[in-house]
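Derivation of every value follows stated rules applied to the coordinates shown; laboratory data play no part. Not measured: the values here are computed from a predicted model. Counting neighbours? That spans all protein chains shown, and the Cβs are built from the backbone with ideal geometry, glycine included.
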Amino acid sequence: MTRVLLLGGTAEATALARALAAAGVDAVFSYAGRTGAPVAQPLPTRIGGFGGVAGLVAYLRSEGITRVIGATHPFAAQMSRNAAA
């Protein structure tokens, strides 16, 4: 079974969230937690960091995530590196 973690924070991520929700894909939207007023998403949403690579891996395993989509803000380079790792 596919379960997606969408690392968001951009307009493109919101568009992806809408497409995933419309397609009935089991997905979670993740905000870094630095946004004062995050845009409501059509997917279950989590806010906050993961605690580095080890924390991200633990989250992926505990939540049964099988795919990660990185659509973070360009300034979120560390999150992109962690997701790639």
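Taking the square roots of 5 times each eigenvalue of the Cα gyration tensor of region 1-75, largest first, gives ellipsoid semi-axes of 18, 17, 10 Å.
Scoring 20-32, 40-52 by mean Cβ neighbours within 10 Å over their residues and listing the highest first yields 20-32, 40-52.
Can you bin region 1-41 into rounded, prolate or oblate? Criterion: square roots of the alpha carbon gyration tensor eigenvalues sorted a ≥ b ≥ c, rounded for a/c under 1.5, prolate for a/b above b/c, oblate for the rest.
The shape class here is prolate.
Where in region 36-70 is the amide nitrogen less than 11 Å from a point lying 7 Å along the Cα-to-Cβ axis of Arg18? Once the point is set 7 Å along Cα→Cβ of Arg18, 42 turn out to lie under 11 Å by backbone N, inside region 36-70.
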